[in-house]
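Since the structure comes first, as C-alpha coordinates, the remarks are kept for the end.
The values are calculated or read from the model by the stated rules, or taken from the named source; none is laboratory data. Computed from a predicted structure; not experimentally measured. Because the Cβ atoms are built from the backbone with ideal geometry, glycine has one as well, and the counts that use them run over all protein chains shown. Surface accessibility is based on the protein's heavy atoms, side chains included, excluding ligands, DNA and RNA. Shrake-Rupley method; radii C 1.70, N 1.55, O 1.52, S 1.80 Å.
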Amino acid sequence: MTTPRRDCLPWRAPAACATLALLLLCPPAAHAAAPVIDKGDTAWILMSTALVLLMTAPGLALFYGGMVRQKNVLATLLQSFVILALISVQWVLFGYSLAFGPDKGGLIGGLEWIGLRGVGLEPNPTYAATIPHQAFMLFQMMFAVITPALITGTFAERKKFSTFLVFTLLWATFVYDPLAHWVWGDGGFLRKLGALDFAGGTVVHISSGVSALVCALVIGKRKGYGRTAMPPHNLPLTVIGAGLLWFGWFGFNAGSALEASGLAVNAFTATNTGAAAAALGWMAAEWVRHGKPTMLGTASGAVAGLVAITPACGFVTPMAAIPIGAIAGVLCYSACAYKQKLGYDDSLDVVGVHGVGGTWGAIATGLFATKTVNAAGADGLFYGNPGQLWTQIIAIGVTMASASLLTFVILKVLDATMGLRVSEDAETTGLDLALHSESGYAIGGPSLGERVVHEAAPQPTAPAVQHLTKMA
(Lines give C-alpha, C1' and ligand atoms only; values in the text may rest on other atoms or scores of the structure.)
Protein backbone atom coordinates (compact mmCIF):
# COMPACT_ATOMS: atom_id res chain seq x y z
CA MET A 1 0.00 0.00 0.00
CA THR A 2 1.40 3.40 -0.99
CA THR A 3 1.29 6.49 1.18
CA PRO A 4 -0.49 9.46 -0.45
CA ARG A 5 1.67 12.58 -1.10
CA ARG A 6 1.08 15.37 1.39
CA ASP A 7 0.45 17.96 -1.29
CA CYS A 8 -2.33 15.78 -2.69
CA LEU A 9 -4.22 15.33 0.55
CA PRO A 10 -7.79 16.65 0.44
CA TRP A 11 -7.24 19.27 3.12
CA ARG A 12 -4.42 20.85 1.04
CA ALA A 13 -6.61 21.41 -2.01
CA PRO A 14 -8.07 24.83 -1.03
CA ALA A 15 -4.61 26.29 -0.36
CA ALA A 16 -3.25 24.91 -3.61
CA CYS A 17 -6.14 26.35 -5.56
CA ALA A 18 -5.71 29.75 -3.94
CA THR A 19 -2.00 29.77 -4.78
CA LEU A 20 -2.71 28.82 -8.38
CA ALA A 21 -5.31 31.55 -8.69
CA LEU A 22 -2.89 34.17 -7.38
CA LEU A 23 -0.22 33.07 -9.86
CA LEU A 24 -2.67 33.31 -12.73
CA LEU A 25 -4.07 36.69 -11.72
CA CYS A 26 -0.82 38.27 -10.54
CA PRO A 27 2.15 36.99 -12.60
CA PRO A 28 5.63 37.73 -11.26
CA ALA A 29 6.58 41.42 -11.51
CA ALA A 30 9.78 40.66 -13.36
CA HIS A 31 7.86 39.21 -16.29
CA ALA A 32 5.25 42.01 -16.33
CA ALA A 33 7.81 44.81 -16.33
CA ALA A 34 10.27 43.33 -18.82
CA PRO A 35 10.88 45.96 -21.54
CA VAL A 36 10.23 44.89 -25.10
CA ILE A 37 11.56 46.62 -28.21
CA ASP A 38 8.82 48.01 -30.43
CA LYS A 39 9.85 48.16 -34.10
CA GLY A 40 7.59 51.12 -34.86
CA ASP A 41 8.91 53.20 -31.97
CA THR A 42 12.50 52.31 -32.87
CA ALA A 43 12.01 53.27 -36.52
CA TRP A 44 10.47 56.61 -35.50
CA ILE A 45 13.32 57.47 -33.11
CA LEU A 46 15.99 56.55 -35.67
CA MET A 47 14.23 58.75 -38.23
CA SER A 48 13.88 61.54 -35.67
CA THR A 49 17.59 61.26 -34.91
CA ALA A 50 18.39 61.77 -38.58
CA LEU A 51 16.01 64.74 -38.73
CA VAL A 52 17.73 66.44 -35.79
CA LEU A 53 21.13 65.81 -37.41
CA LEU A 54 19.77 67.54 -40.51
CA MET A 55 18.98 70.59 -38.37
CA THR A 56 22.68 71.20 -37.67
CA ALA A 57 24.23 70.26 -40.98
CA PRO A 58 22.98 71.48 -43.37
CA GLY A 59 20.05 73.34 -41.71
CA LEU A 60 21.71 75.63 -39.20
CA ALA A 61 24.89 75.82 -41.27
CA LEU A 62 23.02 77.27 -44.26
CA PHE A 63 20.78 79.46 -42.10
CA TYR A 64 23.82 81.10 -40.51
CA GLY A 65 26.03 80.88 -43.61
CA GLY A 66 23.69 82.98 -45.72
CA MET A 67 23.52 85.76 -43.11
CA VAL A 68 27.25 86.45 -42.83
CA ARG A 69 29.32 88.38 -45.32
CA GLN A 70 30.66 86.57 -48.38
CA LYS A 71 34.21 86.40 -47.06
CA ASN A 72 33.10 84.40 -43.98
CA VAL A 73 30.61 81.93 -45.43
CA LEU A 74 32.82 78.82 -45.38
CA ALA A 75 34.14 79.53 -41.90
CA THR A 76 30.54 79.76 -40.68
CA LEU A 77 29.48 76.56 -42.44
CA LEU A 78 32.52 74.75 -41.05
CA GLN A 79 31.70 75.65 -37.46
CA SER A 80 28.36 73.83 -37.58
CA PHE A 81 29.79 70.93 -39.55
CA VAL A 82 32.79 70.31 -37.31
CA ILE A 83 30.65 70.49 -34.15
CA LEU A 84 28.71 67.52 -35.51
CA ALA A 85 31.97 65.56 -35.64
CA LEU A 86 33.45 66.83 -32.37
CA ILE A 87 30.42 66.35 -30.12
CA SER A 88 29.57 62.98 -31.70
CA VAL A 89 32.90 61.67 -30.40
CA GLN A 90 32.66 63.47 -27.04
CA TRP A 91 29.16 62.08 -26.47
CA VAL A 92 30.06 58.42 -26.94
CA LEU A 93 33.26 58.76 -24.92
CA PHE A 94 31.86 60.45 -21.81
CA GLY A 95 29.22 63.09 -22.59
CA TYR A 96 26.27 60.72 -22.55
CA SER A 97 27.39 59.21 -19.26
CA LEU A 98 27.67 62.66 -17.67
CA ALA A 99 24.23 63.67 -18.91
CA PHE A 100 22.19 60.49 -18.45
CA GLY A 101 24.37 58.14 -16.42
CA PRO A 102 23.56 57.00 -12.86
CA ASP A 103 22.73 60.06 -10.78
CA LYS A 104 25.25 61.66 -8.45
CA GLY A 105 23.45 63.95 -6.03
CA GLY A 106 20.99 65.28 -8.60
CA LEU A 107 23.79 67.27 -10.26
CA ILE A 108 25.60 65.01 -12.73
CA GLY A 109 25.59 61.53 -14.16
CA GLY A 110 28.35 59.17 -13.14
CA LEU A 111 31.01 57.70 -15.42
CA GLU A 112 29.63 54.17 -15.24
CA TRP A 113 28.55 54.46 -18.89
CA ILE A 114 31.84 55.92 -20.17
CA GLY A 115 32.66 54.64 -23.64
CA LEU A 116 29.05 53.39 -23.84
CA ARG A 117 29.66 50.63 -21.30
CA GLY A 118 26.24 49.30 -20.38
CA VAL A 119 24.59 51.23 -23.21
CA GLY A 120 23.59 48.33 -25.38
CA LEU A 121 20.82 47.20 -27.66
CA GLU A 122 18.33 46.35 -24.94
CA PRO A 123 15.90 49.05 -23.74
CA ASN A 124 16.58 51.11 -20.64
CA PRO A 125 13.10 51.35 -19.07
CA THR A 126 14.06 54.43 -17.07
CA TYR A 127 14.34 56.51 -20.25
CA ALA A 128 12.56 54.61 -23.03
CA ALA A 129 11.16 51.13 -22.53
CA THR A 130 10.38 50.30 -26.17
CA ILE A 131 13.56 51.28 -28.03
CA PRO A 132 17.20 50.13 -27.74
CA HIS A 133 19.22 52.10 -25.22
CA GLN A 134 21.66 53.06 -27.97
CA ALA A 135 18.82 54.55 -30.00
CA PHE A 136 17.96 56.82 -27.07
CA MET A 137 21.64 57.73 -26.75
CA LEU A 138 21.86 58.63 -30.45
CA PHE A 139 18.73 60.76 -30.32
CA GLN A 140 20.06 62.71 -27.34
CA MET A 141 23.42 63.07 -29.08
CA MET A 142 21.89 65.25 -31.77
CA PHE A 143 20.56 67.64 -29.12
CA ALA A 144 24.06 67.85 -27.66
CA VAL A 145 25.37 68.62 -31.16
CA ILE A 146 23.05 71.44 -32.13
CA THR A 147 23.12 73.34 -28.83
CA PRO A 148 26.72 74.65 -29.00
CA ALA A 149 26.26 75.11 -32.75
CA LEU A 150 23.54 77.66 -32.01
CA ILE A 151 26.04 79.79 -30.06
CA THR A 152 28.32 80.16 -33.09
CA GLY A 153 25.93 82.71 -34.59
CA THR A 154 26.78 85.28 -31.95
CA PHE A 155 30.55 85.34 -32.51
CA ALA A 156 30.44 84.76 -36.27
CA GLU A 157 33.15 86.48 -38.35
CA ARG A 158 35.66 87.08 -35.54
CA LYS A 159 36.56 84.07 -33.37
CA LYS A 160 39.74 82.01 -33.71
CA PHE A 161 39.02 78.53 -35.01
CA SER A 162 41.36 76.74 -32.61
CA THR A 163 39.83 78.54 -29.64
CA PHE A 164 36.36 77.81 -30.98
CA LEU A 165 37.08 74.07 -30.98
CA VAL A 166 38.31 74.04 -27.39
CA PHE A 167 35.45 76.30 -26.28
CA THR A 168 32.90 73.94 -27.84
CA LEU A 169 34.37 70.90 -26.09
CA LEU A 170 34.54 72.62 -22.71
CA TRP A 171 31.09 74.17 -23.01
CA ALA A 172 29.48 70.86 -23.94
CA THR A 173 31.18 69.10 -21.03
CA PHE A 174 30.72 71.66 -18.26
CA VAL A 175 27.51 73.45 -19.31
CA TYR A 176 25.36 71.25 -21.52
CA ASP A 177 25.95 67.80 -20.01
CA PRO A 178 25.18 68.77 -16.39
CA LEU A 179 22.16 70.83 -17.44
CA ALA A 180 20.76 67.95 -19.47
CA HIS A 181 21.10 65.77 -16.38
CA TRP A 182 19.34 68.33 -14.16
CA VAL A 183 16.30 68.52 -16.44
CA TRP A 184 16.09 65.12 -18.18
CA GLY A 185 18.39 62.73 -16.31
CA ASP A 186 17.01 60.21 -13.87
CA GLY A 187 17.49 61.88 -10.47
CA GLY A 188 18.24 65.36 -11.85
CA PHE A 189 17.17 68.00 -9.34
CA LEU A 190 15.12 70.13 -11.76
CA ARG A 191 13.34 67.03 -13.01
CA LYS A 192 12.48 66.07 -9.42
CA LEU A 193 11.36 69.65 -8.79
CA GLY A 194 8.78 69.19 -11.55
CA ALA A 195 10.17 71.51 -14.25
CA LEU A 196 8.61 70.79 -17.65
CA ASP A 197 10.81 70.85 -20.74
CA PHE A 198 9.57 68.50 -23.41
CA ALA A 199 12.32 68.99 -26.00
CA GLY A 200 14.84 71.60 -24.85
CA GLY A 201 13.58 75.06 -23.93
CA THR A 202 15.92 75.31 -20.97
CA VAL A 203 18.51 72.69 -21.90
CA VAL A 204 19.01 73.84 -25.49
CA HIS A 205 17.68 77.32 -26.15
CA ILE A 206 17.99 79.26 -22.90
CA SER A 207 21.43 77.80 -22.22
CA SER A 208 22.69 78.66 -25.71
CA GLY A 209 20.98 82.07 -25.73
CA VAL A 210 22.41 83.30 -22.43
CA SER A 211 25.83 81.83 -23.27
CA ALA A 212 25.69 83.68 -26.58
CA LEU A 213 25.10 86.96 -24.74
CA VAL A 214 28.15 86.34 -22.56
CA CYS A 215 30.20 85.54 -25.68
CA ALA A 216 29.09 88.76 -27.37
CA LEU A 217 30.05 90.85 -24.35
CA VAL A 218 33.40 89.15 -23.68
CA ILE A 219 34.60 88.79 -27.28
CA GLY A 220 33.47 92.25 -28.34
CA LYS A 221 32.02 93.75 -31.48
CA ARG A 222 33.04 93.08 -35.05
CA LYS A 223 35.37 95.56 -36.65
CA GLY A 224 33.23 98.41 -38.01
CA TYR A 225 30.05 97.27 -36.29
CA GLY A 226 27.54 100.11 -36.08
CA ARG A 227 29.44 102.20 -38.64
CA THR A 228 29.64 99.89 -41.64
CA ALA A 229 26.83 98.00 -43.36
CA MET A 230 27.09 94.24 -42.82
CA PRO A 231 24.19 92.82 -44.85
CA PRO A 232 23.61 89.10 -45.39
CA HIS A 233 25.42 88.01 -48.51
CA ASN A 234 23.02 85.26 -49.66
CA LEU A 235 19.49 85.24 -48.32
CA PRO A 236 18.38 82.28 -50.46
CA LEU A 237 20.85 80.14 -48.49
CA THR A 238 19.32 81.39 -45.26
CA VAL A 239 15.79 80.59 -46.44
CA ILE A 240 16.84 77.08 -47.45
CA GLY A 241 18.42 76.67 -44.01
CA ALA A 242 15.27 77.90 -42.30
CA GLY A 243 13.16 75.43 -44.27
CA LEU A 244 15.47 72.57 -43.30
CA LEU A 245 15.29 73.66 -39.66
CA TRP A 246 11.50 73.68 -39.78
CA PHE A 247 11.52 70.23 -41.39
CA GLY A 248 14.04 68.75 -38.98
CA TRP A 249 12.33 70.27 -35.96
CA PHE A 250 9.57 67.68 -36.24
CA GLY A 251 12.15 65.10 -35.23
CA PHE A 252 13.42 67.40 -32.52
CA ASN A 253 10.00 67.87 -30.90
CA ALA A 254 7.78 64.98 -31.95
CA GLY A 255 10.68 62.58 -31.54
CA SER A 256 10.94 63.62 -27.91
CA ALA A 257 7.80 61.58 -27.23
CA LEU A 258 10.23 58.63 -27.63
CA GLU A 259 7.49 56.58 -29.25
CA ALA A 260 5.23 56.63 -32.28
CA SER A 261 2.13 57.67 -30.38
CA GLY A 262 -0.62 60.22 -30.04
CA LEU A 263 1.69 62.37 -27.94
CA ALA A 264 4.13 62.51 -30.85
CA VAL A 265 1.30 63.62 -33.12
CA ASN A 266 0.31 66.36 -30.68
CA ALA A 267 3.90 67.58 -30.48
CA PHE A 268 4.15 67.52 -34.29
CA THR A 269 0.94 69.54 -34.72
CA ALA A 270 1.83 72.06 -32.01
CA THR A 271 5.30 72.51 -33.52
CA ASN A 272 4.02 73.34 -36.98
CA THR A 273 1.30 75.61 -35.61
CA GLY A 274 3.69 77.51 -33.34
CA ALA A 275 6.20 78.07 -36.14
CA ALA A 276 3.51 79.32 -38.52
CA ALA A 277 2.01 81.70 -35.95
CA ALA A 278 5.42 83.13 -35.10
CA ALA A 279 6.36 83.69 -38.74
CA LEU A 280 3.17 85.71 -39.15
CA GLY A 281 3.72 87.53 -35.85
CA TRP A 282 7.28 88.62 -36.75
CA MET A 283 6.20 89.62 -40.25
CA ALA A 284 3.34 91.71 -38.89
CA ALA A 285 5.53 93.47 -36.31
CA GLU A 286 8.14 94.25 -38.95
CA TRP A 287 5.50 95.43 -41.40
CA VAL A 288 3.99 97.81 -38.86
CA ARG A 289 7.34 99.27 -37.88
CA HIS A 290 9.06 99.55 -41.26
CA GLY A 291 6.17 99.51 -43.72
CA LYS A 292 7.42 96.37 -45.50
CA PRO A 293 7.68 92.69 -44.62
CA THR A 294 10.97 90.90 -45.38
CA MET A 295 11.97 87.36 -46.24
CA LEU A 296 14.70 87.34 -43.59
CA GLY A 297 12.25 88.50 -40.95
CA THR A 298 9.62 85.93 -41.84
CA ALA A 299 12.17 83.10 -41.81
CA SER A 300 13.58 84.31 -38.50
CA GLY A 301 10.05 84.43 -37.09
CA ALA A 302 9.46 80.81 -38.00
CA VAL A 303 12.64 79.79 -36.18
CA ALA A 304 11.60 81.88 -33.16
CA GLY A 305 8.28 80.03 -33.06
CA LEU A 306 10.02 76.68 -33.27
CA VAL A 307 12.20 77.70 -30.34
CA ALA A 308 9.27 78.88 -28.22
CA ILE A 309 7.08 75.83 -28.79
CA THR A 310 9.91 73.37 -28.07
CA PRO A 311 9.51 73.09 -24.28
CA ALA A 312 5.71 73.17 -24.51
CA CYS A 313 4.83 70.99 -27.51
CA GLY A 314 4.28 67.81 -25.50
CA PHE A 315 2.24 69.51 -22.79
CA VAL A 316 -0.04 72.00 -24.58
CA THR A 317 -2.84 71.76 -27.13
CA PRO A 318 -2.30 72.80 -30.76
CA MET A 319 -4.63 75.76 -30.17
CA ALA A 320 -2.39 77.01 -27.37
CA ALA A 321 0.50 76.91 -29.84
CA ILE A 322 -1.06 79.83 -31.74
CA PRO A 323 -0.66 82.46 -28.99
CA ILE A 324 2.68 80.93 -27.92
CA GLY A 325 4.02 81.30 -31.46
CA ALA A 326 2.47 84.68 -32.25
CA ILE A 327 3.80 86.26 -29.04
CA ALA A 328 7.21 84.68 -29.69
CA GLY A 329 7.35 86.32 -33.12
CA VAL A 330 6.69 89.78 -31.72
CA LEU A 331 8.96 89.38 -28.68
CA CYS A 332 11.91 88.00 -30.62
CA TYR A 333 11.58 90.65 -33.33
CA SER A 334 11.62 93.38 -30.68
CA ALA A 335 14.66 91.87 -28.95
CA CYS A 336 16.60 91.71 -32.22
CA ALA A 337 15.53 95.22 -33.28
CA TYR A 338 16.87 96.80 -30.09
CA LYS A 339 20.12 94.89 -29.63
CA GLN A 340 22.25 97.70 -31.04
CA LYS A 341 20.78 100.15 -28.53
CA LEU A 342 21.71 97.70 -25.78
CA GLY A 343 25.32 97.82 -26.92
CA TYR A 344 26.27 94.27 -27.86
CA ASP A 345 27.08 92.66 -31.22
CA ASP A 346 25.16 89.42 -31.56
CA SER A 347 26.02 88.76 -35.19
CA LEU A 348 23.13 86.47 -36.12
CA ASP A 349 20.62 87.18 -33.32
CA VAL A 350 21.13 84.11 -31.17
CA VAL A 351 20.20 86.02 -28.02
CA GLY A 352 17.05 87.53 -29.47
CA VAL A 353 15.76 84.33 -31.07
CA HIS A 354 16.96 81.52 -28.82
CA GLY A 355 17.45 83.30 -25.51
CA VAL A 356 14.24 85.31 -25.61
CA GLY A 357 12.24 82.68 -27.49
CA GLY A 358 13.35 79.87 -25.19
CA THR A 359 12.56 81.90 -22.08
CA TRP A 360 9.08 82.77 -23.31
CA GLY A 361 8.49 79.14 -24.28
CA ALA A 362 9.42 77.90 -20.80
CA ILE A 363 7.10 80.48 -19.21
CA ALA A 364 4.31 79.63 -21.67
CA THR A 365 4.62 75.98 -20.68
CA GLY A 366 3.83 77.01 -17.12
CA LEU A 367 0.78 78.86 -18.42
CA PHE A 368 -0.74 76.50 -21.00
CA ALA A 369 0.32 72.98 -19.93
CA THR A 370 -2.51 70.54 -19.35
CA LYS A 371 -2.66 66.92 -18.26
CA THR A 372 -5.31 66.28 -20.90
CA VAL A 373 -2.45 66.33 -23.41
CA ASN A 374 0.15 64.53 -21.30
CA ALA A 375 -0.85 62.80 -18.08
CA ALA A 376 2.82 62.53 -17.11
CA GLY A 377 3.14 66.34 -17.17
CA ALA A 378 1.27 68.88 -15.08
CA ASP A 379 -1.44 71.51 -15.33
CA GLY A 380 -0.31 75.09 -15.79
CA LEU A 381 -1.65 78.38 -14.47
CA PHE A 382 -4.55 78.52 -16.93
CA TYR A 383 -5.63 75.07 -15.78
CA GLY A 384 -5.64 75.87 -12.07
CA ASN A 385 -2.03 75.23 -11.05
CA PRO A 386 -0.09 78.49 -10.50
CA GLY A 387 2.71 76.55 -8.80
CA GLN A 388 3.84 75.15 -12.15
CA LEU A 389 4.56 78.64 -13.44
CA TRP A 390 6.76 79.29 -10.41
CA THR A 391 8.59 76.01 -11.01
CA GLN A 392 9.25 77.05 -14.62
CA ILE A 393 10.64 80.40 -13.49
CA ILE A 394 13.00 78.66 -11.06
CA ALA A 395 14.25 76.39 -13.86
CA ILE A 396 14.80 79.43 -16.11
CA GLY A 397 16.76 81.24 -13.40
CA VAL A 398 18.94 78.23 -12.59
CA THR A 399 19.68 77.68 -16.28
CA MET A 400 20.59 81.31 -16.91
CA ALA A 401 22.78 81.61 -13.84
CA SER A 402 24.73 78.41 -14.39
CA ALA A 403 25.19 78.80 -18.15
CA SER A 404 26.26 82.45 -17.97
CA LEU A 405 28.73 81.94 -15.11
CA LEU A 406 30.38 78.85 -16.57
CA THR A 407 30.55 80.37 -20.07
CA PHE A 408 32.23 83.47 -18.65
CA VAL A 409 34.83 81.36 -16.83
CA ILE A 410 35.55 79.25 -19.92
CA LEU A 411 35.97 82.34 -22.12
CA LYS A 412 38.28 84.08 -19.66
CA VAL A 413 40.51 81.02 -19.32
CA LEU A 414 40.70 80.62 -23.10
CA ASP A 415 41.36 84.32 -23.63
CA ALA A 416 44.29 84.15 -21.22
CA THR A 417 45.74 80.98 -22.76
CA MET A 418 44.81 80.94 -26.46
CA GLY A 419 43.20 84.26 -27.31
CA LEU A 420 39.60 84.58 -28.48
CA ARG A 421 39.72 86.77 -31.58
CA VAL A 422 41.45 86.66 -34.90
CA SER A 423 43.77 89.51 -35.80
CA GLU A 424 42.45 92.70 -37.40
CA ASP A 425 44.10 91.73 -40.69
CA ALA A 426 42.39 88.34 -40.64
CA GLU A 427 39.03 89.90 -39.82
CA THR A 428 39.42 92.40 -42.67
CA THR A 429 40.54 89.72 -45.13
CA GLY A 430 37.80 87.34 -44.06
CA LEU A 431 37.98 84.09 -42.12
CA ASP A 432 37.60 81.92 -45.21
CA LEU A 433 40.97 82.95 -46.59
CA ALA A 434 42.72 83.92 -43.38
CA LEU A 435 41.92 80.76 -41.40
CA HIS A 436 41.07 78.12 -44.00
CA SER A 437 42.70 79.20 -47.29
CA GLU A 438 39.43 78.76 -49.13
CA SER A 439 36.88 80.88 -50.92
CA GLY A 440 33.17 80.21 -50.93
CA TYR A 441 32.64 81.43 -54.46
CA ALA A 442 34.87 80.95 -57.50
CA ILE A 443 33.12 83.68 -59.51
CA GLY A 444 32.21 87.23 -58.53
CA GLY A 445 33.75 89.96 -56.48
CA PRO A 446 33.03 91.19 -52.98
CA SER A 447 29.62 92.49 -52.03
CA LEU A 448 28.92 96.18 -51.47
CA GLY A 449 29.19 95.75 -47.71
CA GLU A 450 32.59 94.07 -48.07
CA ARG A 451 33.89 96.82 -50.36
CA VAL A 452 32.88 99.45 -47.80
CA VAL A 453 34.66 97.55 -45.03
CA HIS A 454 37.78 97.07 -47.18
CA GLU A 455 37.96 100.74 -48.12
CA ALA A 456 37.50 101.89 -44.51
CA ALA A 457 39.97 99.41 -43.02
CA PRO A 458 43.80 99.56 -43.00
CA GLN A 459 45.43 97.73 -45.90
CA PRO A 460 46.62 94.16 -45.20
CA THR A 461 50.23 93.67 -44.20
CA ALA A 462 52.74 92.21 -46.65
CA PRO A 463 52.26 88.55 -45.54
CA ALA A 464 48.51 88.87 -46.00
CA VAL A 465 48.98 90.32 -49.49
CA GLN A 466 51.29 87.43 -50.41
CA HIS A 467 48.74 84.95 -49.12
CA LEU A 468 45.94 86.50 -51.19
CA THR A 469 48.19 86.48 -54.28
CA LYS A 470 48.85 82.76 -53.84
CA MET A 471 45.15 82.02 -53.48
CA ALA A 472 44.37 83.98 -56.63
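Using only the heavy atoms of the protein chains and a 1.4 Å probe, how would 319, 137, 47 rank by accessible area, largest first?
Values: 319 135, 137 5, 47 105 Å².
Order by accessible area, largest first: 319, 47, 137.
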Checklist outcome for this item: Here the residues of region 33-51 lying in the modelled label zone of residue 126, meaning backbone nitrogen under 18 Å from a point 7 Å along Cα-to-Cβ, are 33-36
Next on the checklist: I'd like the accessible area for residue 221, computed on protein heavy atoms only with a 1.4 Å probe and all protein chains in place. Round to 10 Å², please.
Outcome noted: 100
Checklist entry - What percentage of the solvent-accessible surface of region 142-201, computed with a 1.4 Å probe over protein heavy atoms, is contributed by carbon and sulfur atoms? => result 69
Checklist entry - Counting only protein heavy atoms and using a 1.4 Å probe, what share of the accessible area of region 56-136 belongs to carbon plus sulfur, as a whole percent? => result 72
Checklist entry - Using the eigenvalues of the Cα gyration tensor, what equivalent ellipsoid semi-axes result for the chain when each is taken as the square root of five times the eigenvalue, whole Å, largest first? => result 49, 25, 19
Checklist outcome for this item: Here, residue 89 and residue 186, labelled 7 Å along Cα→Cβ, have an inter-label distance in nm of 3.0
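Using the beta-carbon distance between residue 162 and residue 47 and R0 = 30 Å, what value does 1/(1 + (r/R0)^6) give for FRET efficiency, to the nearest 0.05?
About 0.25, to the nearest 0.05.
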Item to check | Cut-off 18 Å, label 7 Å out along Cα→Cβ of residue 134, residues of region 34-74 by amide N | outcome: 36-50
Checklist entry - Given 107, 50, 34, which one lies farthest toward the positive end of the charge dipole of the chain, if we put +1 on the Cβ of every Lys and Arg and -1 on the Cβ of every Asp and Glu? => result 107
Checklist entry - Using +1 on the beta carbon of Lys and Arg, -1 on that of Asp and Glu, and nothing else charged, what's the dipole of the chain about the Cα centre, debye to 20? => result 300
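Per residue, how much accessible area does region 134-290 show when a 1.4 Å probe rolls over the protein heavy atoms, in square angstrom? Don't jump to the answer; show the numbers that get you there.
Numbers: 4760 Å² over 157 residues.
For region 134-290, the per-residue accessible area is 30 Å².
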Checklist outcome for this item: Here the gain from full extension of residue 116 to residue 104, 0.36 nm per residue of separation minus their alpha-carbon distance, amounts to 2.5 nm
Checklist outcome for this item: Hull volume per residue for region 95-231, using the convex hull of the C-alpha atoms, in Å³ is 130
Checklist entry - So how much accessible area does residue 417 have, in Å² to the nearest 10, using a 1.4 Å probe? => result 100
Item to check | Distance in nm between pseudo-label sites at residue 288 and residue 372 (7 Å out along the Cβ direction from Cα) | outcome: 3.0
